[in-house]
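The values are calculated or read from the model by the stated rules, or taken from the named source; none is laboratory data. Remember, it's a predicted structure, so these values are computed and weren't measured experimentally. Virtual Cβ from ideal backbone geometry, glycine too; neighbours counted across all protein chains shown.
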Amino acid sequence: MVDKKNIFLFGYGNFGRQLYKNLFLAGHNIKVLTATAESIVNAQEDKVDLIQINIKRNDDILSLNIDQENDMLYCAMSKTANNLFLVLTLRALFPYADIIAISNSLENTRKLKYAGANSVIDLYEATSRRLINILTKPAVTKAIDEIIYKQNNLKMAEVIIPPRSFLVGMYIKDISFKSMGVVLVAIIDKESEHELVFTDQRLSQQLEAGETLVVVSKIDDLKIFKDLVHSETHPLVSH
Amino acid sequence: MSLPVKKKVITFFKKKIDENTLKQKKHFFLSFAYFIESFNTYRRIKSFVYNLIENDQYSYKKYFDFFMIIVILTSVTLLVIDVKHHIPVWIDEFDFYFVTSIFILEYLARMWVYSDIHKIIIDEYEESRFFDKRLSFFRLFWKIFQNKWGYISSLSAIIDLIAILPSYRGIRILRVLILFRAFKMLRYTKSLNGFIYVLKNKKFELITLLTLVAFFIFIAGIMLYVFEGDNKNPNIHNLFDAFYWALITISTVGYGDIAPVTPEGRMETMVIVIIGIGLIAFGTSLIVASFNERMSVLREEKVIVNVSRKKSLIVICGYGLLGRLVAKGLQKEGLDFIIIDKDEHLISQAFNSGYNTICTDASQGEIFGKLGIEKRISHVLCLTSDDIQNAFIAINVKSLNEKVHVTVRCSDEEIAQKMEFAHIDQVIMPEEIAGMMSAVYAGEPVAFEVLLSIIEEKEKTQIDEIAITKGSFLEHKTIGDVHFDNYRLILLGIFTSKDNGKTLGEFLFNPSDDYYLHVGDRLVCIGYSTAIANLKKRM
């Protein structure tokens with residue numbers, strides 16, 4: 001289902017532990033690296049192999065053989081100062097790597113982003129958002145759980161339109177995603193890479209090669225849909 | 001005794017009364033007591049009167065208070081005008097009949113609601129049945145009298161009674177007692193009650209201070225009398241003059257009508273003026289400190305009155321990093337909430353942000369009782385950084401009212417499991433949420449970004465839910481009929497209703513066009529906020 005990735009997880013405190021658990025369930029290859037004694041005890045309890053490093057020494061980190069084009073680096077040290085320093089070090093060593101950091105406040109999110117993290121997950125922000133959504137939008141929260149978090153049949157996924165796909169040049173409103181069991185949520189332009197365009201604003205727009213479709217679907221239907229996107233003829237067109 | 005059981009007992013005894021005790025003399029009181037016990041209208045009237053004159057939380061009490069203050073001020077104004085002017089007879093009679101009867105009514109009403117006589121009669125009767133004794137009349141009346149004496153002998157009741165007395169016009173000096181009516185105002189204004197509280201609270205310190213003052217006045221007065229009493233000072237005729245001078249001097253008021261004339265007297269004055277300054281500073285600081293203590297209590301009372309007007313209330317326990325964010329979010333959503341924390345420093349921060357706050361220990365039942373756990377509180381969020389403390393608060397709340405929805409923040413998985421065992425509705429683990437999000441990011445980074453921007457409402461596009469209400473235009477339509485495209489909305493799925501829409505049932509992802517919508521179904525849609533608002537409006 002998901003592409004298996006090599007993940008380097010720095011830190012095995014409370015955050016690191018949960019990260020490992022979820023990443024492991026998702027089936028990725030994870031290497032755990034840590035510097036503190038507490039983390040080593042945690043790892044022994046959970047029977048997780050870990051490598052001890054000193055984050056202040058570049059040699060330690062370079063010896064990990066990180067492939068910055070493909071590997072993902074998760075920074076989840078318990079101490080904010082260590083985490084920040086780690087992000088800074090990694091960014092300096094690997095300018096193109098994908099670095100994700102855990103933060104515990106808006107304040108630290110800003111600092112971590114400045115230090116070079118591609119994405120920052122704000123622990124309390126996410127938790128408070130969830131708490132509020134449970135109170136105000138219970139159905140939405142549960143739907144997101146079903147689609148995103150639960151290990152079940154539903155999935156949110158990204159599908160890139162290949163150059164010779166039958167979809168190229170078609171209007172969104174003319175494609176019956178529904179009959180394929182797929183809900184199209186957003187389209188991401190190849191030029192403005194980070195700008196998300198939600199489908200409700202672009203029903204009358206043509207699809208182009210290289211654009212990314214963000215869809216929600218059942219896993220079986222998703223496989224069929226991905227194959228379909230690659231086909232060059234029009235297998236299903238509705239009016 | 002639980003209510004139904006009590007009712008049974010009552011009907012049982014009622015029958016007994018009918019059969020056996022009707023011949024006895026006291027049957028009248030007894031059956032009357034039982035009649036009142038079972039008479040709902042009586043109880044309703046009594047509780048209304050109680051609320052009106054005693055219950056600060058009752059919304060109409062302020063009108064009653066206001067009315068009483070006006071009546072009192074009228075009476076006092078008449079007293080002042082009467083000094084130099086002649087008051088028309090009809091106004092005097094108004095003062096006599098109207099004001100006095102209101103005061104008498106109020107006095108009796110307060111005595112009435114103070115306790116329930118019929119309950120005493122019933123209890124006594126049941127007790128006598130139990131021990132198979134004769135019910136003694138004398139004992140019964142003594143009990144009732146003892147009970148009501150509790151009210152009659154209270155300070156406020158005495159003031160009330162004295163305030164009625166000036167109606168006997170025979171003795172002129174009694175007119176001054178009208179001023180006791182002004183004292184009555186203390187009852188109707190809460191802030192003045194604060195002063196009485198201070199007097200009570202600092203009783204020991206104030207008595208010490210007064211004893212000291214009395215002691216110094218005693219010594220200083222006698223000293224001056226010895227120095228200047230033997231005709232050296234023409235203004236000091238007797239010991240009373242000397243004491244009067246001592247008080248005026250020690251209080252640093254110093255009228256100067258009596259002043260020492262001998263060097264000894266002046267020396268003495270210098271010493272007692274210095275002592276006086278010290279005593280006054282001591283007294284002032286005492287009262288100020290006590291008022292400060294009182295301020296936080298007054299503020300809390302105000303907060304409780306504020307929230308008692310709300311229909312549904314969320315309680316946030318703990319104002320740490322998470323509590324802060326949640327409070328901000330709830331504020332934005334327009335929900336009513338109150339923050340409880342033990343830490344005074346955190347509470348003052350929350351207070352400065354304009355939230356309703358109370359500084360207390362949320363693991364104790366008292367505060368939840370005050371906030372109305374039985375009717376008002378819908379959710380309690382335990383968000384302190386200490387798992388054990390959160391568990392403590394959650395169990396406290398659940399033991400008070402099981403129906404309240406309790407959410408607990410927890411970092412330890414083992415504690416989380418125990419929470420589920422204690423029937424806590426929701427356990428939320430920040431680390432777990434971050435972990436889940438990270439896993440999604442590793443798999444589908446772009447999808448993750450999309451999701452994040454929708455959830456965090458950074459874009460104009462939102463994800464929201466729309467419930468199908470009875471009689472709405474969507475009821476009994478199929479998905480195909482609705483044409484979500486025309487509403488510019490993406491239908492993600494539907495939650496079917498369970499238990500008449502109270503809980504969420506199954507999630508139907510991407511339902512087919514021939515699905516019939518039912519009342520209680522919830523549509524989960526993605527779209528522009530305006531598009532969602534548009535559909536909600538049409539509902």
Which count do you get for residues in region B:309-332 that are surrounded by fewer than 18 Cβ atoms within 10 Å (Cβ to Cβ) and either in contact with a helix residue (DSSP H, G or I) (Cβ under 8 Å, 6 or more places away or on another chain) or assigned to a helix (DSSP H, G or I) (or both)? 4
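Residue by residue, here is whether (1) more than 11 Å from chain B (Cβ to nearest Cβ); (2) loosely packed, with under 14 Cβ neighbours inside 10 Å holds:
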position: A:Ile30; (1), (2): no, no
position: A:Thr36; (1), (2): yes, no
position: A:Asp49; (1), (2): yes, yes
position: A:Ile55; (1), (2): yes, no
position: A:Gln68; (1), (2): yes, no
position: A:Ala76; (1), (2): no, no
position: A:Thr80; (1), (2): yes, no
For B:Gly320, indicate whether it is at the interface with another protein chain (Cβ under 9 Å from one of its Cβ atoms), in contact (Cβ under 8 Å) with a residue 12 or more places away in the chain and on the phi < 0 side of the Ramachandran plot. yes
Scan region A:74-89 for residues that are in a helix (DSSP H, G or I) and either within 19 Å of the chain's Cα centre (by Cα) or of a type in the set (Lys, Arg) (or both) and jot them down. A:Val87
Looking only at region A:148-190, how many residues end up being over 18 Å from B:Ala442 (Cα atoms), at the interface with chain B (Cβ under 8 Å from one of its Cβ atoms) and outside any strand (DSSP E or B)? 3
Is it fair to say B:Ser385 is within 14 Å of chain A (Cβ to nearest Cβ) and assigned to a loop (DSSP other than H, G, I, E, B)? yes
Identify, please: which residue in region B:422-465 is at pLDDT 85 or above and more than 9 Å from chain A (Cβ to nearest Cβ) and is, among those, surrounded by the fewest Cβ atoms within 10 Å (Cβ to Cβ)? B:His423
Do we have B:Val76 as touching a Ser or Thr at 6+ places or on another chain (Cβ under 8 Å), surrounded by 12 or more Cβ atoms within 10 Å (Cβ to Cβ) and of a type in the set (Val, Ile, Thr) here? no
Candidate set from region B:333-347 (those that are away from every other protein chain (no Cβ under 14 Å) and touching a Ser or Thr at 6+ places or on another chain (Cβ under 8 Å)); member that is surrounded by the fewest Cβ atoms within 10 Å (Cβ to Cβ): B:Lys342
Only one of these conditions is not met by A:Tyr114: (1) surrounded by 17 or more Cβ atoms within 10 Å (Cβ to Cβ); (2) hydroxyl-bearing (Ser, Thr, Tyr); (3) outside the structural domain of A:Lys218 (by TED's automatic domain parsing). Which number is it? (1)
Filter region B:19-63 down to the residues that are modelled with pLDDT of 80 or more and of a type in the set (A, V, I, L, M), then identify the one that is surrounded by the most Cβ atoms within 10 Å (Cβ to Cβ). B:Ile53
Name the residues in region B:424-467 that are in contact with a Gly (Cβ under 9 Å, 6 or more places away or on another chain) and part of a loop (DSSP other than H, G, I, E, B), would you? B:Met429
Taking B:Phe392 as meeting all but one of (1) more than 10 Å from every other protein chain (Cβ to nearest Cβ); (2) farther than 18 Å from B:Gly320 by Cβ, write down the number of the exception. (2)
For region B:466-489, name all the residues that are at the interface with chain A (Cβ under 7 Å from one of its Cβ atoms) and closer than 25 Å to B:Thr503 by Cβ. B:Leu489
Just name the residue that is surrounded by the fewest Cβ atoms within 10 Å (Cβ to Cβ) out of those in region B:93-135 that are closer than 18 Å to B:Met68 by Cα and modelled with pLDDT under 85. B:Tyr97
Out of (1) at positive phi; (2) within 14 Å of another protein chain (Cβ to nearest Cβ), what's the single condition that is false for B:Gly354? (2)
Subset of region B:498-519 (residues that are more than 8 Å from chain A (Cβ to nearest Cβ), at pLDDT below 80 and either touching a helix residue (DSSP H, G or I) at 6+ places or on another chain (Cβ under 7 Å) or buried (at least 19 other Cβ atoms within 10 Å of the Cβ) (or both)): B:Gly501
Take the residues in region A:138-147 that are closer than 26 Å to A:Val229 by Cβ and not acidic (Asp, Glu), then tell me which one is nearest to the other protein chains (Cβ to nearest Cβ). A:Ala143
